[in-house]
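Take a look at the structure below.
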Amino acid sequence: MYKSALLAFSLLSVSAPSFAQDVIESEQARFQIETVAEGLAFPWSLAFIDETTLLVSERDGFMRLIKNGVVQPRLANTPEAFVSRQAGMFDIALAPDFAESGMIYFSFAQGDADNNHTTLAKARLNIEANALEKVEIIYTAHPDKRRALHFGGRIAVMRDGTLLLSIGEGYIHMQEAQNPQVSFGKLIRINPDGSIPADNPFADGVNGAPEVYSYGHRNPQGLALHPDTGAIWMHEHGPRGGDEINIITPGTNYGWPLITYGIDYSGEIITEDRTGPGMVEPIWYWVPSIAPSGMTFYQGEAFPEWQGDLFVGALAGSKIERFELDGDRIISTEELLFDELGERIRDVRTGPDGYLYALIDDAEGRIIRLVPAGD
């Protein structure tokens, strides 16, 4: 197990689309920062339709297309989201056959302050009409909870076409993360039609809810599949300290709140235990917390020196961290690329052009990207 150093890199802001900043020198790459689009209301997630068209979600409850850097009107027929504090529109993922079907998956909060939950839906994206069609809810977290906190909401599409959705424990329901029969603090796995895969660890419903794939999580908001091994990597927010990265295996208990490296926001000790019987420790943890957001395995030609590295965004940490890997093992993350300017990073993605994209979490949020610098 490893503990993160505080050295990482953060992202500079720019004042206009496609305006490049000065060249930034790092140990392994030279790059510049460009703004791709701006004027977004707390952008949460990003999907690439092609090299000129992006789909972005806004936590304020909407989705937008961005064509050649121009932000389009909000998509019509987007279902109403519960928007309050951490609640709103969350992640977006394209179906593997998107080019033919136009199908997307997206997560969002539903309900109100007294009764709310994380929801997973699918729809057909009609780019020409700037609208969603055939919207269908395929999963609803259960039971409902109070307060607009800890929804999780990250989506990943596995190689077999099944869907993963991370769900937070709702903050006030942290003990329920240890109960496999409910959605709180879980990673769930379903088929694209909402049915349950036969090989899920609790598919028969006896020892856990059929959709539950792993449990003992707090508020997981980073989810990605290793491009070589296919392993599921997921990170989650700790309380004060104890953010962590886990490699997920089916039916496994990752310990929250029985084991943790964090303490309560009040300073009270949640537990003295870092290990426990039948529980898996993280492969990485942060103390103090960085509030990790999206993450991506870099697989592009623009930065060959970064090939295979893991990038993790941070909200409270206002930075992106780069991890060097050896298979499913983290071997280094210590590099300060440039001075931190306090930008909250909500998501990090590898673009089809090989550039590294990030979302700035702000009421006037924007999309930026790292591009190679010329000689």
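Scoring Glu176 on the criteria (1) in contact with a helix residue (DSSP H, G or I) (Cβ under 7 Å, 6 or more places away or on another chain); (2) without any contact (Cβ under 8 Å) to a residue 12 or more places away in the chain leaves a single failure, condition (1).
Looking only at segment 94-130, residues that are small (Gly, Ala, Ser) and either crowded, with 17+ Cβ neighbours inside 10 Å or within 22 Å of the chain's Cα centre (by Cα) (or both) come to 7 in all. Scanning segment 163-177 for residues that are surrounded by fewer than 18 Cβ atoms within 10 Å (Cβ to Cβ) and more than 16 Å from Asn116 (Cα to Cα) gives a single hit, Gln175.
One residue stands out in segment 50-77 among those that are hydroxyl-bearing (Ser, Thr, Tyr) and at pLDDT 95 or above: the one that is surrounded by the fewest Cβ atoms within 10 Å (Cβ to Cβ), namely Thr53. Once segment 297-318 is narrowed to residues that are more than 15 Å from the chain's Cα centre (by Cα) and touching a residue at least 60 places away in the same chain (Cβ under 8 Å), the residue that is surrounded by the most Cβ atoms within 10 Å (Cβ to Cβ) is Gly317. Tallying residues that are small (Gly, Ala, Ser) and in contact with a Leu (Cβ under 8 Å, 6 or more places away or on another chain) within segment 267-299 yields 4. Just one residue in the set Pro227, Pro197 is closer than 23 Å to Thr350 by Cβ and part of a loop (DSSP other than H, G, I, E, B); that residue is Pro227. All told, Met279 meets the bar of being under 24 Å from Arg154 (Cβ atoms), over 20 Å from the mean Cα position of the chain (by Cα) and surrounded by 16 or more Cβ atoms within 10 Å (Cβ to Cβ).
The single condition among (1) farther than 25 Å from Phe90 by Cα; (2) β-branched (Val, Ile, Thr); (3) out of contact with any Lys or Arg (no Cβ under 8 Å at 6 or more places or on another chain) that Ile320 does not satisfy is (1).
For segment 39-58, the set of residues classified as free of Cβ contacts under 8 Å to residues at least 60 places away in the same chain and either of a type in the set (Lys, Arg) or over 18 Å from Asn77 (Cβ atoms) (or both) consists of Thr52 only. Within segment 33-49, being surrounded by fewer than 22 Cβ atoms within 10 Å (Cβ to Cβ) and not hydrophobic (A, V, I, L, M, F, W, C) holds for Glu34, Thr35, Glu38, Gly39. Residues of segment 182-202 that are touching a Leu at 6+ places or on another chain (Cβ under 7 Å) and under 15 Å from Ser166 (Cβ atoms): Leu187, Ile188, Arg189, Ile190. For Leu40, the stated conditions do not hold, so it cannot be described as over 20 Å from Ala291 (Cβ atoms), modelled with pLDDT of 95 or more, within 20 Å of the chain's Cα centre (by Cα) and not aromatic (Phe, Trp, Tyr). Condition first: under 27 Å from His173 (Cβ atoms) and either exposed (fewer than 15 other Cβ atoms within 10 Å of the Cβ) or of a type in the set (A, V, I, L, M) (or both). Now tell me which residues in segment 131-141 satisfy that. Matches in segment 131-141: Ile137, Ile138, Ala141. Considered as a group, the residues in segment 206-256 that are buried (at least 24 other Cβ atoms within 10 Å of the Cβ) and among the charged types (D, E, K, R) include one that is nearest to His150 (Cα to Cα), and that residue is Arg218. Here is a check on your reading of the model: is Asp91 touching a Lys or Arg at 6+ places or on another chain (Cβ under 7 Å), surrounded by 19 or more Cβ atoms within 10 Å (Cβ to Cβ) and of a type outside the set (Gly, Ala, Ser)? Considered against the rule, which asks whether it is touching a Lys or Arg at 6+ places or on another chain (Cβ under 7 Å), surrounded by 19 or more Cβ atoms within 10 Å (Cβ to Cβ) and of a type outside the set (Gly, Ala, Ser), Asp91 comes out as yes. Inspect all residues belonging to segment 311-320 and state whether any of them is hydrophobic (A, V, I, L, M, F, W, C), in contact with a Phe, Trp or Tyr (Cβ under 8 Å, 6 or more places away or on another chain) and either closer than 17 Å to Gly242 by Cβ or modelled with pLDDT under 90 (or both). The answer is yes, given that some residue of segment 311-320 is hydrophobic (A, V, I, L, M, F, W, C), in contact with a Phe, Trp or Tyr (Cβ under 8 Å, 6 or more places away or on another chain) and either closer than 17 Å to Gly242 by Cβ or modelled with pLDDT under 90 (or both).
The values are calculated or read from the model by the stated rules, or taken from the named source; none is laboratory data. Here the structure is a predicted model, which is why all the values come from computation and not from measurement. All Cβ positions, glycine included, derive from the backbone under ideal geometry; neighbour counts span all protein chains shown.
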